[in-house]
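A.B. asks: Encoded as structure tokens, here's the structure I'll be asking about.
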Amino acid sequence: MPQYSISFKSSAAKELKKLPLELQHRIANKIEQLVEDPRLSGVIKLKGNDDLYRCRVGEYRLVYQIDDSTQKIVVTRIRHRKDVYR
């Protein structure tokens, strides 16, 4: 299976940098797994959007888009579960 490339919206990159270092490492590990398979078990497609998916990392959620034609993943949000869908 070919690998996907990862990019971040600028707001998602800022959100990641604000998190504690340990949590940043956990999120980075999850992103490395998404490069291999963007639809891992536990990944859920969000309702109401055709191309948004979410992945759980503890109390935080990664929301991202998958473009299969260009094999690209764009991380749009990284937030606590209580704030991510607002």
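The values are calculated or read from the model by the stated rules, or taken from the named source; none is laboratory data. Predicted model, so just to flag it, every value in this text is computed and none were measured. Cβ atoms come from the backbone with ideal geometry, glycine included; neighbour counts cover every protein chain shown.
A.B. asks: If I ask for residues that are free of Cβ contacts under 8 Å to residues at least 60 places away in the same chain, crowded, with 17+ Cβ neighbours inside 10 Å and more than 16 Å from Ala28 (Cα to Cα), which ones from region 53-74 would you list?
C.D. replies: Tyr53, Gln65
A.B. asks: Given the structure, is Leu62 closer than 15 Å to Ser7 by Cβ and touching a helix residue (DSSP H, G or I) at 6+ places or on another chain (Cβ under 9 Å)?
C.D. replies: yes
A.B. asks: Oh, and also: Applying the selection to region 65-83, what residues are farther than 15 Å from Lys14 by Cα and of a type in the set (Ser, Thr, Tyr)?
C.D. replies: Ser69, Thr70
A.B. asks: Take region 29-43 and flag every residue that is out of contact with any Cys (no Cβ under 8 Å at 6 or more places or on another chain) and exposed (fewer than 12 other Cβ atoms within 10 Å of the Cβ).
C.D. replies: Hits for region 29-43 are Asn29, Glu32, Glu36, Ser41.
A.B. asks: Do we find that Ile78 is surrounded by 12 or more Cβ atoms within 10 Å (Cβ to Cβ), of a type in the set (A, V, I, L, M, F, W, C) and either at pLDDT below 95 or within 19 Å of Pro2 (Cα to Cα) (or both) in this structure?
C.D. replies: No; evaluated as a whole, the condition is false for this residue.
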